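These notes concern the structure reproduced below.
The values are calculated or read from the model by the stated rules, or taken from the named source; none is laboratory data. A quick note: this is a predicted structure, and the numbers were derived from the prediction, not measured. Note: ideal-geometry Cβ built from the backbone for every residue, glycine included; neighbour counts use all protein chains shown. These accessible areas exclude ligands, DNA and RNA; they are computed on the full protein's heavy atoms, side chains included. Shrake-Rupley method; radii C 1.70, N 1.55, O 1.52, S 1.80 Å.
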Amino acid sequence: MYQYDRFDHQMVRERVAQFRGQVARRLNGELTEDEFKPLRLRNGVYLQLHAYMLRVAIPYGLLASRQLRKLAHIARRYDKGYGHFSTRQNIQYNWPRLDEVPDILAELAEVEMHTIQTSGNCIRNTTADHLAGVAVDEIEDPRPYCELVRQWSTFHPEFNWLPRKFKIAISGGAQDRAALAYHDIGLRLVKNDAGEIGFEVMVGGGLGRTPMIAKTIREFLPKQHLLSYLEAILRVYNMLGRRDNIFKARIKILVHEHGIEKIRELVEADWEATRDGALALRDEDIAGFKAFFAPPPYETLPANDSGLAQQLESDPAFARWHGNAVIAHRVPGYAAVDISLKTGVQAPGDVTDDQMDAIADLADRYSFGQIRVNHRQNLLFADVRQSDLHALWQALVDLDLATPNNGKLTDIISCPGMDFCSLATARSIPVALDLQRRFEDLDHLYDLGDLTLNISGCINACAHHHAGNIGILGVNKKGEELYQLLLGGSSRNDASIGAITGPGFAPDAIVGAVEDVLAVYLERREGPEETFLEVYRRLGDQPFKERLYG
Amino acid sequence: MAHRVITGSLLREGTIAYLRVENGCRRWIATLGEATHVADKDAAETLLAEAIADVEANLIVAPYVADIRVEDRAVDGITMRERIRAAGPTIPLPSGDRRRGARGDEERRAA
Amino acid sequence: MDKILKDGVLIDNEWTDVTGYEALSSLPSGDIVVPLDQWLEHRADLVKRNSRLGVRLRNDEDPARLADDLGRIALVVLEFPSFGDGRALSQANLLRRRLGFEGEIRATGDVQRDQMNDMRRCGVDAFAVRPDRDALAAAEAFDDFTYSYQPTADGRLPISRIRRGDA
């Protein structure tokens, strides 16, 4: 993974000192809350319902074991002994004190971590698909480019005061595992007819109040122009993005109002002037960053471990977990392992400090000391020997981290909701936990097949409820909670935005409504292989509405 | 019976606090049950105006008037949001309420 | 604008803001700053003045409209209506690095410490700091960061080039 050099270290240390000064100026009143708020947001500090919340960046979702141990230590020392992994590959702490945040940042800096630009109207954490470097269908590893974009976007003086937040994601191959369609800029590595590798560039995706799917602004961008092209898009956005209405300030609105052709024209006019200038990437530059992501020292192993085959035969619980949580790997004899944080014991995405330490130890033992965070608020070991899978599984069982629900109904994406968030209009976690309890039975869960379910506690859609096959949106009706149900969303290559079924449901009725929807699916599917999304797209929402509303 | 309290977040800690006025002295306390509550809307606005001094003293952030219900001396928020603010998250935290403990009384004397 | 922070010191503002379409004969003597529209309409006459000339841009106006005139202008005034509105950062960047403007670029409006470093890196070299702020204390922000990841307009080499050994 990327290693900081003295420049990176100094940047992060100076940022800590800068924020320490800003906190002091706030506490002594030199800065008002209105002046301080944008500054603290740019350091990941929110003021939430019960306390401050601190969002720590995990660049493109990649963590070293010593970093995860530091995150555990911070949870213990400065917080309430746990952390929450978000849908953008960050970790959040819900209870830090403002006057201790500079110390937390200093501790993070020791292990090459930071909270830079994890909030505020600036360029946020650039995310990658979680199988970067190991996916069988990968065209090229996106991570070197993520690191290039991270450095280019860090403290970029021209783009630090944008109309609104800006999110970039990069995917390494044809399969979109990074929700590119819902990012301000989505970059997909592609190969053109000449066999050259470059980027398809998409612009203007996003959820929230006005969900929109990104549009392709350029089919093929040669690699050397990555940064200059991004800069042209950001410049057009900075100059023309709306600043009169916070709900119309994202680039998706700019693209929608001007049309993609006009935006392309403006972007490429700016790009013409800069494409061969200071931001042009030379082959050596790219090679330099690629070197940080060179493959680990894989052993030469047979494609199928014979011991594994026997263990699968003799241990049904292990076999069940293997069938669900183990993902094919490009290197023979290896596998990637999904670690579900959707156990139903605690909020989706939450991990205790002890679990974090234990996961770090397992990473050292079984996966070259690295851990990844994906978009579903789960963790991943990317490089596990097949011969180690059984031992790893047993260790995960002991930690309550072996729930085999990857990609199933109970692999719920949920925002913190009104239990924690000051923007929320309803709670989300209790609905998630209730659903997880109701669908505990694995046979039934697997019968329902691949299903994504996302729960947002407000219209800001931090849990991407429009992108779930089933989405739930918690709203406020006269001070009480009400839940709207959406069906038919997807964040994969076939991106679609879920549609609201009709009137909302009371807190004690929403789970029943989900059960009704699933009953219709089971009755109407043409076989167990037909997924919920396929049935919905075949039938439309009519049969579901009829069942829900009679 | 509908009443009103003044509530906000403590600047340093970030935690929820309610205004309590005793003998003309303002304090920000953690427990809704011990907050000063008034029935009259104008009285609430007056209290809020006094609380602004604590904003300027860098003690409290964004205080506002919150509606509460008082029944048989039991006090609770009227909206779900205020009930959650008063009682804490409605789900158990992963490793129990360690380190800072449960939301106990962290009192702050007004400047 | 009474005092301007420039090159680390506070200097008196020597420029007069001309905001209306006064008749040319009734313009004040001395260095004047005119809005873009007035410049474009009257430049033939304005350049005959025996004074320096400056142009003020609203933050939604395209600096490229000044491209042919930059040799005749000594000052461009940019506006930051609120500190969160960063449009003038792009304007400064375009003026300084794209159009090669060598005169003074002055930031006015809600100019205060925590945005001034970004302004300077985009090419702003003079700051009309808010009157209720200590301008010299605000200037300490320029020292917050030793390095920059990006090429900037304040003459600093970006980290990528230092790493390459371009001294």
Single residue of the range A:142-190 satisfying the filter (polar (S, T, N, Q) and assigned to a loop (DSSP other than H, G, I, E, B)) that is farthest from C:F145 (Cα to Cα):
A:Q175
Enumerate the pairs (first residue in the range A:274-285 and in the same structural domain as A:Q224 (by TED's automatic domain parsing) and small (G, A, S); second residue anywhere and surrounded by 14 or more Cβ atoms within 10 Å (Cβ to Cβ) and not in a helix (DSSP H, G or I)) with beta-carbon separation below 7 Å, excluding pairs fewer than 6 apart on the same chain, so at least 6 apart or on different chains.
A:A278/C:P151
Can you go through A:V337, A:V267, A:V326 and tell me which one is of a type in the set (V, I, T), under 30 Å from C:S148 (Cβ atoms), buried (at least 16 other Cβ atoms within 10 Å of the Cβ) and in contact with a helix residue (DSSP H, G or I) (Cβ under 7 Å, 6 or more places away or on another chain)?
A:V267
Confirm whether C:F142 is of a type outside the set (A, V, I, L, M), buried (at least 20 other Cβ atoms within 10 Å of the Cβ) and in contact with a helix residue (DSSP H, G or I) (Cβ under 8 Å, 6 or more places away or on another chain).
no
Out of the residues in the range C:78-127 that are touching a residue at least 60 places away in the same chain (Cβ under 8 Å) and hydrophobic (A, V, I, L, M, F, W, C), state the one that is nearest to the other protein chains (Cβ to nearest Cβ).
C:A92
Checking A:G407 against (1) out of contact with any Asp or Glu (no Cβ under 7 Å at 6 or more places or on another chain); (2) open to solvent by 10 Å² or more (accessible area, probe 1.4 Å), which test does it fail?
(1)
Can you name the residue in the range B:17-74 that is on the phi > 0 side of the Ramachandran plot and among the small types (G, A, S) and, of all such residues, is farthest from the chain's Cα centre (by Cα)?
B:G24
Regarding A:T210, is this residue surrounded by fewer than 18 Cβ atoms within 10 Å (Cβ to Cβ), assigned to a strand (DSSP E or B), of a type in the set (S, T, N, Q) and within 23 Å of the chain's Cα centre (by Cα)?
no
Would a scan of the range B:58-81 turn up a residue that is open to solvent by 30 Å² or more (accessible area, probe 1.4 Å), in a helix (DSSP H, G or I), touching a helix residue (DSSP H, G or I) at 6+ places or on another chain (Cβ under 8 Å) and within 14 Å of chain A (Cβ to nearest Cβ)?
yes
Which one is nearest to A:W152 (Cα to Cα), of the residues in the range A:236-264 that are open to solvent by 70 Å² or more (accessible area, probe 1.4 Å) and among the charged types (D, E, K, R)?
A:R264
Are any residues in the range A:143-186 in contact with a Leu (Cβ under 8 Å, 6 or more places away or on another chain), within 15 Å of A:L131 (Cβ to Cβ) and buried (at least 24 other Cβ atoms within 10 Å of the Cβ), and if so, which ones?
A:R143, A:A169, A:I170, A:S171, A:G172, A:L180
Note on the range A:218-239: residues more than 14 Å from chain C (Cβ to nearest Cβ) and either more than 22 Å from A:E257 (Cβ to Cβ) or among the basic types (K, R) (or both) are A:R218, A:E219, A:F220, A:L221, A:P222, A:K223, A:H225
Residue check, A:L399 against (1) within 22 Å of the chain's Cα centre (by Cα); (2) within 14 Å of chain B (Cβ to nearest Cβ), all met but one. Which one?
(1)
Identify, please: which residue in the range C:116-152 is in a loop (DSSP other than H, G, I, E, B) and touching a strand residue (DSSP E or B) at 6+ places or on another chain (Cβ under 9 Å) and is, among those, farthest from A:Q151 (Cα to Cα)?
C:P131
Please count how many residues of the range C:16-60 are in contact with a Gly (Cβ under 6 Å, 6 or more places away or on another chain) and either open to solvent by 70 Å² or more (accessible area, probe 1.4 Å) or closer than 24 Å to C:G86 by Cα (or both).
1
Condition first: under 18 Å from A:K342 (Cβ atoms) and outside the structural domain of A:H322 (by TED's automatic domain parsing). Can you find one or more residues in the range A:490-501 that meet it?
yes
Consider only pairs whose beta carbons are under 6 Å apart and that are at least six residues apart or on different chains; among these, list those whose first residue lies in the range A:334-363 and is away from every other protein chain (no Cβ under 14 Å) and small (G, A, S) and whose second residue is assigned to a helix (DSSP H, G or I) and surrounded by fewer than 24 Cβ atoms within 10 Å (Cβ to Cβ).
A:A335/A:Q386; A:A360/A:S65; A:A360/A:R69; A:A363/A:S65
Enumeration of residues in the range A:261-281 that are under 29 Å from the mean Cα position of the chain (by Cα) and among the β-branched types (V, I, T)
A:I263, A:V267
Given the conditions (1) farther than 19 Å from A:L49 by Cβ; (2) open to solvent by less than 20 Å² (accessible area, probe 1.4 Å), and given that A:S414 satisfies all but one, which numbered condition is not satisfied?
(1)
Restricting to the range B:1-53, what's the tally of residues that are more than 14 Å from chain A (Cβ to nearest Cβ), assigned to a helix (DSSP H, G or I) and open to solvent by 50 Å² or more (accessible area, probe 1.4 Å)?
8
So for the range A:372-385 (the condition being within 24 Å of A:I58 (Cβ to Cβ), more than 14 Å from chain B (Cβ to nearest Cβ) and open to solvent by 20 Å² or more (accessible area, probe 1.4 Å)), does at least one residue qualify?
yes
Could you say whether any residue in the range A:148-164 is out of contact with any strand residue (DSSP E or B) (no Cβ under 7 Å at 6 or more places or on another chain), assigned by TED's automatic domain parsing to the domain that holds A:N245, within 24 Å of A:D338 (Cα to Cα) and not hydrophobic (A, V, I, L, M, F, W, C)?
no
Residue check: is A:L448 over 24 Å from the mean Cα position of the chain (by Cα), open to solvent by 40 Å² or more (accessible area, probe 1.4 Å) and of a type outside the set (S, T, Y)?
no
